[in-house]
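In what follows, a single structure is set out as structure tokens and then discussed.
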Amino acid sequence: MSATRNASTRWTGDLQEGNGVTSFLSSGLPDTPVTWAARTNNPEGKTSPEELIAAAHTSCFSMAFSGALAKSGYTAEEIVTEAAVTFKPGTGITDIALTVRAVIPGLDNDEFQKIAAGAKENCPVSQALKAVPISLEATLG
């Protein structure tokens, strides 16, 4: 079974001074303003494509990691994943740094690192973003 999710952005004005509103059509989450300034300077309550990619990547990785842990016989008490998506004007997205901290009873660090690395490689969002380097820092505890 496949699932399709939809979002839209309505943009007005030029790149530098214009602005947009991103709507989450599938989930009905609140509309979110987006601007070039939020992408390259201080967000000031607005989002950017990179922040949206970071959110997608952290949720996808956390799910992939949880699933991989279950296949290995472990259940996490907590998984906290952060993503830093770096954007350089004129170049584009240059890298993504994932950081995960997790509490997983009975799991040693070597196995933890192996499962986390596999989740990073197999997460569908990681697969979609292979055009940029994706690093992973994983901390057990």
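The values are calculated or read from the model by the stated rules, or taken from the named source; none is laboratory data. Keep in mind the model is a prediction, meaning the values are calculated, not measured. Because the Cβ atoms are built from the backbone with ideal geometry, glycine has one as well, and the counts that use them run over all protein chains shown. The accessibility values were calculated without ligands, DNA or RNA, using every heavy atom of the protein model including side chains. Shrake-Rupley method; radii C 1.70, N 1.55, O 1.52, S 1.80 Å.
Summed over the stretch 101-141, residues that are part of a strand (DSSP E or B) and either surrounded by 16 or more Cβ atoms within 10 Å (Cβ to Cβ) or in contact with a His (Cβ under 7 Å, 6 or more places away or on another chain) (or both) total 5. Given the criteria open to solvent by 30 Å² or more (accessible area, probe 1.4 Å) and either aliphatic (A, V, I, L, M) or without any contact (Cβ under 8 Å) to a residue 40 or more places away in the chain (or both), does V80 qualify? Spelling it out, V80 is indeed open to solvent by 30 Å² or more (accessible area, probe 1.4 Å) and either aliphatic (A, V, I, L, M) or without any contact (Cβ under 8 Å) to a residue 40 or more places away in the chain (or both). Of the listed requirements (1) among the hydrophobic types (A, V, I, L, M, F, W, C); (2) in contact with a helix residue (DSSP H, G or I) (Cβ under 9 Å, 6 or more places away or on another chain); (3) within 29 Å of E50 (Cβ to Cβ), I104 misses just one: (3).
Take the stretch 91-100 and flag every residue that is in a strand (DSSP E or B), open to solvent by 40 Å² or more (accessible area, probe 1.4 Å) and farther than 17 Å from E121 by Cα. I93, T94 - these are the residues of the stretch 91-100 that are in a strand (DSSP E or B), open to solvent by 40 Å² or more (accessible area, probe 1.4 Å) and farther than 17 Å from E121 by Cα.
Do we find a residue being farther than 28 Å from S8 by Cα, at pLDDT 95 or above and part of a helix (DSSP H, G or I) anywhere in the stretch 56-66? Among the residues of the stretch 56-66, at least one is farther than 28 Å from S8 by Cα, at pLDDT 95 or above and part of a helix (DSSP H, G or I), which makes the answer yes. When the stretch 49-73 is filtered for residues that are out of contact with any Asp or Glu (no Cβ under 8 Å at 6 or more places or on another chain) and open to solvent by 40 Å² or more (accessible area, probe 1.4 Å), the ones remaining, listed by number, are P49, E51, L52, I53, A55, A56, S59, M63, S66, A70, K71, G73.
Within the stretch 102-119, identify whether any single residue is within 26 Å of T22 (Cα to Cα) and in contact (Cβ under 8 Å) with a residue 24 or more places away in the chain, and answer yes or no. Checked the stretch 102-119: no residue is within 26 Å of T22 (Cα to Cα) and in contact (Cβ under 8 Å) with a residue 24 or more places away in the chain. Please determine whether any residue of the stretch 13-27 is in contact with a Phe, Trp or Tyr (Cβ under 7 Å, 6 or more places away or on another chain), open to solvent by 50 Å² or more (accessible area, probe 1.4 Å) and either within 30 Å of E111 (Cα to Cα) or not in a helix (DSSP H, G or I) (or both). Yes.
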